[in-house]
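Data first, discussion second: the structure below is written as structure tokens.
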Amino acid sequence: MSRIVSGPEAIAEGVERLGAGKPVAFPTETVYGLGADAFNSHAVGAVFTLKGRPSTNPLIVHVSGTKMARRVVETWSEQADAIARAHWPGPITIVLNKHQSIPGIVCAGGKTVAVRCPSHPIALALIDAFDKPIVGPSANPSGRISPTCPVHVAGGFPDTDLIIIDGGACHAGIESTVVDLTNSTPRILRRGLLGREALANTLGGVEVEIADHTPTNEPARSPGVIGAHYQPRTPCQLVNSEQTAGCIDTQIALIAWSIPEHRGGGHLFGLDEHAGAYAAGLYHAMHRADACSASMIWIETPPIDAANTPADRAIFEAVLERLARATQSG
Ligand code: AMP
Ligand code: MG
């Protein structure tokens, strides 16, 4: 049985379990992570098995600051330092060449490692108390909706010997931006709350690319960003605001930002129209819609054209990247 735990004893129990090679679910500001000792390949292997995650999809290593980050990479670059100084702790993951001491399984056999310092105080306390970096993929069965509160994690792993450290609802609500710094031009592999403009500014105005994930015959640079993901069990599709307003089918669960009142009939899960708040509420709404008895979920396309700053636009682009995969069949 998984167990939700809280308070200072929860951190101590988490540290003890991590030391024993057992997974520990912990809160971050983005989503809940499934933690394990990044230097223990057996413990990391157990996380892959538990999630049903393909071994080709590498994990993010979570650290409590730049000092610990230097232990997991070969060389901590100036660009990495600039990003960390400006945005850590926070929702940006940096990909660099890995340190030899990081087991290959963490990096799916590749030469690079993804590293992030989360800002949630419980995540930082756990990593600091453990005094070692921990891997932390999202704490959901692979391909499913990411968890933004402890009950989502418990729902995904009901029969697992797992503790879930309670840190409340994640305030950012979608996963970190992943930026690859191993080439001459920094490249965003996964969009997130921090967009291209913000990163380019941080790096003194350099060009920042956004990776094109159109499938090719080449091995994927970041395999976790392609294919169906973030998926409710209930079939799910994107609809426009007109369809949303006209929806009276009681079999449809509607996730919408433009309808303030319940229209009667089916299930309505409201979202904020502002980018940050929309992102923070999205997975929660998807979990709730999936748990109600509807036979289909409609998600109103987010109001990206109303975003009036590059930062808000970047958040909606990150949201759309996820919704495209949540609504993809197969
Ligand atoms: P999550 O399961 O939400 O933690 O996803 C982690 C994301 O980071 C996935 O999209 C991975 O493919 C990506 N990732 C992790 N490590 C690396 C790496 N070394 N190089 C490129 N992408 C990575
Ligand atoms: Mg994930």
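Values quoted throughout were computed directly from the atomic coordinates according to the rules given, and no laboratory measurement underlies them. Just so it is clear, the model here is predicted, and its values are computed rather than measured. With ideal geometry, Cβ positions are generated from the backbone for all residues, glycine too; neighbour counts draw on all protein chains shown.
Place the peptides 307-315, 144-152, 60-68 in order of packing, highest mean first, counting for every residue the other Cβ atoms within 10 Å and averaging per peptide. Walk me through the intermediate numbers first.
Working: 307-315: 17.4, 144-152: 24.1, 60-68: 21.1.
Ranking the peptides 307-315, 144-152, 60-68 by packing returns 144-152, 60-68, 307-315.
Across every direction, the projection of the convex hull enclosing the Cα atoms of region 1-122 has a mean area of 7.5 nm². The long axis of helix 121-130 is offset from the longest Cα principal axis of the chain by roughly 30 degrees.
How would region 3-210 be classified by its alpha-carbon gyration tensor: rounded, prolate or oblate, with rounded meaning a/c under 1.5 and the a/b versus b/c comparison settling the rest? Note, shape of region 3-210 comes out prolate.
Compute the long axis of helix 310-326 from its Cα atoms, compare it with the longest principal axis of the Cα atoms of the chain, and write down the angle in degrees, 0 to 90, nearest 10. Long axis of 310-326 versus the principal axis of the chain: about 80 degrees. Can you check what the net charge comes to around residue 81, using other residues whose Cβ is under 12 Å from the Cβ of residue 81 (Lys, Arg +1; Asp, Glu -1)? It works out to a net charge of +2. Give the residues of region 296-311 whose amide nitrogen is closer than 13 Å to a point set 7 Å from the Cα of residue 258 in the direction of its Cβ. Backbone N within reach: 299-306.
The charge dipole of the chain, taken about its Cα centre with unit charges on the Cβ atoms of Lys, Arg (+1), Asp and Glu (-1) only, comes to about 780 debye.
Using only Cα atoms, what Kirkwood radius does region 236-326 have, in angstroms?
Numbers: mean 1/r = 0.0762 Å⁻¹.
So the Kirkwood estimate lands at 13.1 Å.
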